[in-house]
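FYI, it's all coordinate maths here, none of it is from the lab. Given the structure is predicted, the values throughout are model-derived calculations rather than measurements. Using ideal geometry, Cβ is built from the backbone for each residue, glycine included, and neighbour counts are taken over all protein chains shown.
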Amino acid sequence: MDIQKFQQKLTEVCELGEKNGKVLKPEQIKECFGELDLDKSQLIKILQYLKLKGISIEGAEEISAASQTGPEEVSEEKEEKVPLTAEEEAYLKEYLEGLEEQEQGERSAEELFELLSKGDALAQAELSQKYLHAAAEMAVEMNCEEIFIADLIQEANISLLMALGEEEPEEKDEKWLLGRIRCGIRHAIEEQTQRKFEDDYLVAKVEKLEAAVRELTEDESSKFSVEELAIILDMDEEEIRDVLRLTGDDK
């Protein structure tokens with residue numbers, strides 16, 4: 001199966017979870033991904049991804065459902081915090097020190113939000129400056145292994161700026177803004193997690209096919225043609241050629 005098939009199955013299982021009230025049975029997941037021949041570690045990562053989407057697996061306490069929240073709300077579920085690496089700690093320290101050196105406006109957040117609702121561009125800029133520290137703290141709180149903290153902080157800052165530039169809702173406040181930042185960070189984590197799943201799937205697939213191709217071609221006296229390998233391994237001929245090119249056996 002190719003990566004498009006994997007993406008399709010991942011989308012299908014998420015849609016099924018949404019239809020079932022964000023709850024899936026283990027057999028539903030096995031049925032959906034069974035034909036892809038995924039190993040245990042890949043299945044665990046799929047379950048972790050479903051948790052990020054707020055979908056729980058019936059009977060699996062360790063991946064209980066996330067709080068049912070709307071797109072603008074903040075999930076209150078407590079998740080295990082991923083500690084920063086030494087490199088990330090050093091980056092964060094330098095980044096926060098840089099924020100402290102920047103001048104802060106004297107107007108309160110309440111006053112700035114009121115001006116923002118009236119379309120005040122200066123209030124928008126001042127609010128963005130005022131909440132950079134909070135955005136960084138939220139990124140640290142939601143830190144994950146898949147994204148370096150600098151990139152996660154950048155995603156938080158982008159979400160901050162985009163939220164302040166939105167026309168709706170008309171009345172904005174701190175709770176709304178922090179919720180939008182959290183949603184942006186979570187979306188970035190979901191995208192990166194799915195991308196890593198796909199990368200891992202491709203690597204595992206190539207390694208598996210590489211081993212099979214080498215086993216069948218290591219004996220010089222019994223070389224198989226691409227057409228014969230496609231039949232033996234139940235693969236498309238073009239897929240066989242791709243693997244041979246990756247392994248250097250296409251000469």
Query - Label-to-label distance, nm, for residues given as residue 211 and residue 81 (7 Å Cα→Cβ offset) - result: 4.0 nm
Report summary line: Set 5/51; 81/130; 9/175; 19/118, cut-off 32 Å on Cα-Cα distance; pairs above it are 9/175; 19/118
Query raised in the report: How long is the gain from residue 133 to residue 154 if the chain were fully straight, where each residue apart is worth 0.36 nm and the alpha carbon distance is subtracted?
Result: 6.4 nm
Query raised in the report: If we sort 92-101, 111-120, 175-184 on the protection proxy, mean other Cβ atoms within 10 Å, highest first, what's the order?
Result: 175-184, 111-120, 92-101
**Report entry** Computed over segment 122-194: relative contact order in percent, which uses C-alpha pairs under 8 Å that are six or more apart
**Finding:** 37 percent
Query raised in the report: Okay, which of segment 150-167 sit inside 18 Å, backbone N to the point 7 Å along the Cα-Cβ direction of residue 91?
Result: 150-160
Query raised in the report: What is the gain in length, in nm to one decimal, between residue 242 and residue 5 on full extension, counting 0.36 nm per residue of separation less the C-alpha to C-alpha distance?
Result: 83.6 nm
Query raised in the report: Going by the alpha-carbon gyration tensor, a ≥ b ≥ c the square roots of its eigenvalues, is segment 72-181 rounded (a/c under 1.5) or, if a/c is not under 1.5, prolate (a/b greater than b/c) versus oblate?
Result: oblate
